[in-house]
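The values are calculated or read from the model by the stated rules, or taken from the named source; none is laboratory data. Only a predicted model underlies this, so the values are computations on that prediction, with no experimental measurement involved. So basically every Cβ, Gly included, is an ideal-geometry build from the backbone, and we count neighbours across all protein chains shown. These area figures cover heavy atoms from the full protein model, side chains too; ligands, DNA and RNA do not enter into them. Shrake-Rupley method; radii C 1.70, N 1.55, O 1.52, S 1.80 Å.
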Amino acid sequence: MKIFRDTSSIGFDIVLNFKSQNEHAYARTVGRWDMENHEVYMQLSEGLKPEQFEKSTADFTQLHYKNEIDNAKRDGFQPNVDGLYRQIKVLPLADVRFANFNQGVVSVNRTMPYLVLGISFLILFIACVNFINMSIAKSSQRLREIGMRKTLGANKKQLFFQFWGESILVFLMSIGLGVLLAVVLLPYFQTLFRTQASLATLLNPSLLILLIFSVLLITLIAGGYPALLMSRLGTLQSLKGKLQVNGKNRLRNSLMVLQFGIAILLISGTLVLWDQVEFMRTKDLGFNKDQVIAFPLNGKLNDQKAIELLRNTLQDKPNIVSITASNNILGIGKDGNRTTSILGFEHKGRGVDTHMLVVDADYVETLDLNIIEGRSFRKHLVSDSLSVIINEAMAKQMNEDDILASQITLDDASYNIVGVIEDFNFQELDQHIAPMTLFALPNWNLRNAYVKVTSQNLEQAYDDVKTAWNTIEPNVEFQGSFLNENIERTLRNERTMITMIGSGSILAIILSCIGLFAMSLLIVAQRRKEIGVRKIVGASVSAITVLLTKDFLKLVVIAFLMATPIAWWTMNKWLQNYPYRIDLNIWIFLAAGGIAVLIAMLTIAVKTIKAATSNPVESLRTE
């Protein structure tokens, strides 16, 4: 069999035939269209478009999902734009990595690759702007050279290609440095994005041509404009050493405003993302996440037997409070697994959906779930095998006057509702709390153990649990972690975004400061004589510093006023993805603007103060 590449999102060590699985996994699901427990892959015929295939399945859907469609009509669901209550949809294999199945209908979210690409383009744009400004600023030191070359017969075309060639040489050196940095930073990139992508991808011929074309275009724009500007200088103007940029430098100032606007936008995004992640990390989730260790029951022993042995082994340990198990994990476990089960049933003539969670004794007590009505499961679960506990969302969905006198009927078995617990976040924090039903089914695969420990000595308690598990299952790795660590793993996409946007904002600020420094060089060079005159007539160092600084700060303030509404709209739109979110306030954006202003002042202070304290006689010799 062909081995999948490392960059593939599909990976496995062994392939098994469905028919070789047990009855629960295969035989009982054959011919049942209400069972959905695995993915289906299909290859469409050549020339058949996905939209055509989807439309052709209407009769098939009506045949096999008739009961579900009739129930949807009965319960008042609205059809889609095609008038269908249920429709088979296909998802391109290339989009599987970006698919989100948490909100019912699958949605494809390419935020992360677009974010990386977008920040890359923004950084590249700022670098080009800086190169233009720096080239113009530094050109004042080469004016006499340009004048001499023109005097000796050099024409505009020759000067243009000379300066453009120098720019290309700089770009080629920067490309080499960039490739070297990419090689060094590649392992960190792979870790950050959990990918095996490599630089070998760039050897694709079409991508290589695109990169070469991009480099030529960037060098033509970023290097061509300064080269054109310097080649068009007059001979007399060059020999005098005076650089005069026509007009009011609208292009240069606009580019400076734009690059600082980008920096402020990225800083604002980083601050908002950080606040949102901290809000979700510290939010009360409705269960004890600080004192509970969770780990998979991945050994050879039966789950119930393993839990029994674990209780016996740890019963004399003073750091252990209680032990339980369930067939689901809260957050994302150390093994990276996370599963959920949803079942539907009829209740008083209408369809009801609920998440199903099978638990062992003491589950409610171990996780400190709050019982608001009724009771918890008894210690001997066999007596409660036909009892369930539901959460508030489930109770609201059932809409019963006396919820504890109600029953749930599944496969001809009736389950008595013996308790109602307060809603707790058992899914990702970008979802509302869904209806949940806890079952106490005997001899059921539980998969995950939970151990509540005392808060006094967490490290010792963890070691006790690990030692006990290694004694019970000596050949199996212990993959335990506290639930707060599991919750942290659910926020890894947001933390990756913080890293990306934060790194982008740091680079944007650094590059913007380089551009601002280049601009200060140019302005000071142009106003050197004015500085000398002002010092002679009595202007103080502080007055001259303010004179030189205010124009720069004005550009930063304009950038702040332009970037803030865009940042507010963008981050507010992003926050709508979370039912639990922070409230945006103006202080976040004022902080971003303040950071930009402070860094800008520190950047230009060195050059402006040096110019203000220089000898005025030297300034007046510029003619």
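Side notes on the structure shown:
- Of the residues in segment 343-363, at least one is touching a residue at least 12 places away in the same chain (Cβ under 8 Å), part of a helix (DSSP H, G or I) and not acidic (Asp, Glu).
- Tally of residues being free of Cβ contacts under 8 Å to residues at least 60 places away in the same chain and in a loop (DSSP other than H, G, I, E, B) across segment 452-474: 1
- Residue within segment 280-302 that is over 26 Å from residue 593 (Cβ atoms), at pLDDT below 90, more than 27 Å from the chain's Cα centre (by Cα) and of a type in the set (Lys, Arg) present: yes
- Checking each residue of segment 55-67 against the condition of being at pLDDT below 75, farther than 30 Å from residue 428 by Cβ and open to solvent by 70 Å² or more (accessible area, probe 1.4 Å) gives no match.
- The set of residues in segment 117-153 being open to solvent by less than 30 Å² (accessible area, probe 1.4 Å) and modelled with pLDDT under 70 consists of 136, 137, 139, 143, 146, 147.
- Subset tally (residues that are part of a loop (DSSP other than H, G, I, E, B) and without any contact (Cβ under 8 Å) to a residue 24 or more places away in the chain) for segment 47-79: 7
- Number of the exception - residue 73 against (1) open to solvent by 60 Å² or more (accessible area, probe 1.4 Å); (2) within 24 Å of residue 251 (Cβ to Cβ): (2)
- The selection criterion, being assigned to a strand (DSSP E or B), touching a residue at least 12 places away in the same chain (Cβ under 8 Å) and surrounded by fewer than 15 Cβ atoms within 10 Å (Cβ to Cβ), does not hold for residue 323.
- Checked against (1) of a type outside the set (D, E, K, R); (2) crowded, with 16+ Cβ neighbours inside 10 Å; (3) more than 28 Å from residue 511 (Cα to Cα), residue 588 passes all but condition (3).
- Counting the residues of segment 402-451 that are open to solvent by 30 Å² or more (accessible area, probe 1.4 Å) and free of Cβ contacts under 8 Å to residues at least 24 places away in the same chain gives 5.
- Residue list for segment 259-297, filter: of a type in the set (S, T, N, Q), buried (at least 18 other Cβ atoms within 10 Å of the Cβ) and out of contact with any Lys or Arg (no Cβ under 8 Å at 6 or more places or on another chain): 259, 268, 270
- Taking segment 156-196 as the range and being of a type in the set (Lys, Arg) and either assigned to a helix (DSSP H, G or I) or touching an Asp or Glu at 6+ places or on another chain (Cβ under 6 Å) (or both) as the test, the residues that pass are 156, 157.
- Residues in segment 364-400 that are over 30 Å from residue 455 (Cβ atoms) and in a loop (DSSP other than H, G, I, E, B) were compared, and the one that is most open to solvent (accessible area, probe 1.4 Å) is 399.
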